[in-house]
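Laboratory data are not the source of any read-out in this text; all were calculated from the coordinates shown. These figures come from a predicted structure and were not determined experimentally. For neighbour counting, all protein chains shown are included, and Cβ atoms are generated from backbone atoms with ideal geometry for every residue, glycine included.
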């Protein structure tokens, strides 16, 4: 069982890390190959892309630390400091999500009437970043293994995201009056 969980955590942190790196290269290649998209000229692209990359980085760090902790200390409980930092990151991410539509408005005003196709691509990246945020901080949206799919079929409900469970644990620790730092 422990080895299976270690493999799963390794899969999660390497997958998120590879996505983070791959998206950097893909954005460069798309901008280089299709300069008429004006991707790198759009505030909406940069802000959406930055949000996505930051969320992927947060996920990579979270899964890596859980993997390392299980491997070294034989526990799946995330360190309290990590959970606290991710709680702050959650609020920062939400702030970015609420501010980014302003970048889309600015780009629309700047580029109107000839809004480049890169504007649409930036929109897709923004939506993907929001879905990643929800998947990490609220409700698990990614069901990529048999166990998760069977659970979804049985309960007919989405699971609570792992970080959301960690935040609840942190809240319970605060309620118990334990020192968190």
> Exposure proxy check: 153, 90 ranked by fewest other beta carbons within 10 Å?
Replying inline: 153, 90
>> Under a crude label model (7 Å from the Cα following the beta-carbon direction), how far is residue 21 from residue 34 in nanometres?
In response: 2.5 nm
> For the Cα atoms of the chain, what angle does the longest principal axis make with the long axis of helix 80-111, in degrees from 0 to 90, nearest 10?
Replying inline: 10 degrees
> To the nearest 10 degrees, how steep is helix 146-155 against the longest Cα principal axis of the chain, on a 0 to 90 scale?
Replying inline: 80 degrees
> If packing is taken as the mean number of other Cβ atoms within 10 Å per residue, what is the order of 70-77, 34-41, highest first?
Replying inline: 34-41, 70-77
>> Using 0.36 nm times the number of residues separating residue 68 and residue 6, minus their current alpha carbon distance, what extension gain do you get?
In response: 21.4 nm
>> Quick check on the chain: helices-only [θ] at 222 nm, where DSSP H runs of length 4 and up contribute -39,500 (n - 2.57) each and the sum goes over total residues. Nearest 500, please.
In response: -27000 deg cm²/dmol
> If you stretched the chain out fully between residue 134 and residue 111, how much longer would it get, using 0.36 nm times the residue separation minus the C-alpha to C-alpha distance?
Replying inline: 5.2 nm
> Mind ordering 126-138, 47-59 by average Cβ neighbours within 10 Å, highest first?
Replying inline: 47-59, 126-138
>> Could you work out how much longer the chain between residue 169 and residue 127 gets when fully extended? Use 0.36 nm per residue separation minus the Cα distance between them, nm to one decimal.
In response: 12.2 nm
>> Calculate the FRET efficiency for residue 84 and residue 147 from the Cβ-Cβ distance with a Förster distance of 25 Å, rounded to the nearest 0.05.
In response: 0.30
> What percent does the relative contact order of the chain come to when contacts are Cα pairs within less than 8 Å and at least six residues apart?
Replying inline: 27 percent
